[in-house]
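Derivation of every value follows stated rules applied to the coordinates shown; laboratory data play no part. Because the structure is a prediction, the values reported are computed rather than measured. FYI the Cβ positions are ideal-geometry reconstructions off the backbone, even for glycines, and counts take in every protein chain you see.
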């Protein structure tokens, strides 16, 4: 490796992976960029895994449709992996992906942060052999949740691991032109504690509670793009009756990204996948 | 000792050495009368000794002392003149430029720190574009070296900011210059990209290699005006090694700034440091790095507004000013209740 090799000529556009929905792609100005780490943070049940599954399939779409014409790998720490849902979704992609799309999606369970590091160091050969251009990690938070005490030394050890993992991911993303998507959980924010504002909103709320993405400031420094999904419950009044039903609405917002302004969009989860709505 | 090789009498030599003048450089900055006093000799004799010494140094000493005897030394007068005529790199936010004394200064290292999403990369890209502003518009007409360790540099954003810069220049044209023919903007947004030398580094070894390579690179590309550097964070187990490595890199960057008259902009992350029983927010990389920076700007949130705070500067006083990250780039905060807080 010579220093001269590290000088790159700038392309006019970064390759991106579509989310297979024009409205969501518009929010992201094209889709998930390659060469960087995109984080999707949300509480459970809002849709991060749904979006990940959609991306795993979208990666196989031809580049003319915004895909990467490549395989993808999902490293998951949340069990069980939703195989049935993935299969159901794949049926809607058959027009663009004639051969069985599931053949080109690789699933690997994760047990610990060290396991992830080990996998990432072996990923070089796997990525080039299998033509992988998307890595999804679902979720990074579950890997770190129970392992660390709340002492300064342990937290330092934890943030060391963040840097190691993030730098390995970024270096592979750069080398192979990969898109990397990492999902993250959220934690409730206690009002009295001083909450450090990171990104476009001082107040992230979901299901009526103030939340913030897990893993703190160190992890926030490791990702390039942070997207936040949340759910709001709306009361829909019945006509003539006084008991209304609750309707859950889902939204996605850009918390920080070098190339995106602060904006948000509503989305729904249908059988065919996750789609933005214009309301 | 250099003084012992001077063609002067043994007694003069003896007096010089016992008075502490052992090297030629020590004789360069002393006046004849001062030397006469120290050695208890006549002023004429002192002048003779100084003449011999300066001849030995190979440089002539003019009466008004306006010449460098020691390599790299300048009189304060020269330095003031240089500073007054130096062009600063605008941040495109006039409020921020004001508290910086006109913009980012060349020959100095400026550190910019803040939480994710506050605008460090935005400011970095804005400066990489602004350094290229032609001299006709008050710019440096230089090129930029961008060392990206984070992967946050997005071409699309750089193009967007470059477009806005071209539009601003055209607007300036129509306001100020009546003779439109003479100053057609020949720069396309894409041309701005060509003048950014982009290094993408992913590991600590690559970082050291690039920093060491920079001297050669910049001497081959003399028109580089600004160097952006986002430090690679990797926590070391061996603190002594970390301090040495960081200190070494900091020194190299400072030298590059001075030698090639560059502005060096360091983009730094914010981390929490555990001290005195609680977690404090501090800039990453610690004190060994902080000392190397001439200027420090902290970007932070104040309610819903972004603020820039001059934390360290040799010439400007501490102040905070709001700024905005707009589609066009870094700009003044649009709110009418702008306040510049002076400390």
**Asked** Over chain A, what number does the Rg to Rh ratio reach, with both radii from the alpha-carbon atoms and Rh per Kirkwood?
**Response** 0.97
**Asked** If you stretched the chain out fully between residue B:243 and residue B:5, how much longer would it get, using 0.36 nm times the residue separation minus the C-alpha to C-alpha distance?
**Response** 81.6 nm
**Fill in**
For segment A:125-252, the Cα gyration tensor yields equivalent-ellipsoid semi-axes (√(5λ), largest first, whole Å) of 34, 22, 12
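FRET efficiency for residue A:103 and residue A:175, Cβ-Cβ distance as r, R0 = 41 Å, nearest 0.05?
On the way: r = 25 Å, r/R0 = 0.61.
Efficiency for this residue pair is about 0.95.
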**Message:** With a cut-off of 8 Å between alpha carbons and a minimum separation of six or more residues, what is the relative contact order of chain A in percent?
**Reply:** 24
**Item:** Angstrom value of the Kirkwood radius, inverse mean 1/r, which spans all Cα pairs in the protein assembly as shown
**Value:** 27.6
**Request:** With r as the distance between the Cβ atoms of residue A:270 and residue A:44 and R0 = 22 Å, compute the FRET efficiency 1/(1 + (r/R0)^6) and round to 0.05.
**Result:** 0.70
**Message:** Just want the ordering: A:246, B:249, from fewest to most Cβ atoms lying within 10 Å of their own Cβ.
**Reply:** A:246, B:249
**Asked** If you stretched the chain out fully between residue B:137 and residue B:94, how much longer would it get, using 0.36 nm times the residue separation minus the C-alpha to C-alpha distance?
**Response** 14.0 nm
**Item:** Full-stretch length increase - residue A:12, residue A:262 - with 0.36 nm per residue and alpha-carbon distance subtracted
**Value:** 87.7 nm
**Complete:** Looks like segment A:73-152, by Cα gyration tensor root eigenvalues a ≥ b ≥ c and the a/c under 1.5 rounded cutoff (else prolate when a/b is bigger than b/c, oblate otherwise), is oblate
**Complete:** Between the modelled labels at residue A:87 and residue B:212 (7 Å from Cα along Cα→Cβ) the distance in nm is 5.6
**Asked** Any idea what the relative contact order of chain B is, in percent, if you count C-alpha pairs under 8 Å spaced at least 6 apart?
**Response** 20
**Item:** chain B: angle of helix B:204-220 to the longest principal axis, Cα-based, in degrees nearest 10
**Value:** 70
**Complete:** Shape call for segment A:112-173, from the Cα gyration tensor axes a ≥ b ≥ c (a/c under 1.5 means rounded, otherwise prolate when a/b beats b/c, else oblate), comes out prolate
**Prompt:** Helix-derived [θ] at 222 nm for chain B: sum -39500 (n - 2.57) over DSSP H runs of at least 4, divide by residue count, nearest 500?
**Reply:** -12000 deg cm²/dmol
**Item:** Extent along principal axes [Cα atoms of chain B; Å; largest to smallest]
**Value:** 74, 64, 41
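Among rounded, prolate and oblate, which fits segment B:14-56 when a ≥ b ≥ c are the square roots of the eigenvalues of its C-alpha gyration tensor, a/c under 1.5 means rounded, and a/b larger than b/c means prolate?
oblate
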**Message:** Starting from the 7 Å offset along Cα-to-Cβ, what nm value, one decimal, do you get for the label separation of residue B:81 and residue A:235?
**Reply:** 7.9
**Request:** Starting with the fewest neighbours, write out B:291, A:259 ranked by other beta-carbon atoms found within 10 Å of each beta-carbon.
**Result:** B:291, A:259
**Fill in**
For A:262, A:103, ascending order of other Cβ atoms within 10 Å (fewest first) is A:103, A:262
**Asked** At residue B:261 and residue B:43, where each label point lies 7 Å from the Cα along Cα→Cβ, what is the point-to-point distance in nanometres?
**Response** 3.8
**Request:** Would you mind computing the Rg to Rh ratio of segment A:1-131 from its alpha-carbon coordinates, Kirkwood style for Rh?
**Result:** 0.98
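Compare the peptides B:193-199, A:72-78 by average per-residue count of other Cβ atoms within 10 angstrom and give them in order, highest first.
Top of the packing list down: A:72-78, B:193-199.
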**Fill in**
Calculated from DSSP helices alone, with each H run of at least 4 adding -39500 (n - 2.57) and the total divided by the residues of chain A, [θ]222 nm to the nearest 500 comes to -9000 deg cm²/dmol
**Prompt:** If you take the beta carbon distance between residue B:220 and residue A:147 as r and set R0 to 45 Å, what does 1/(1 + (r/R0)^6) give as a FRET efficiency, to the nearest 0.05?
**Reply:** 0.35
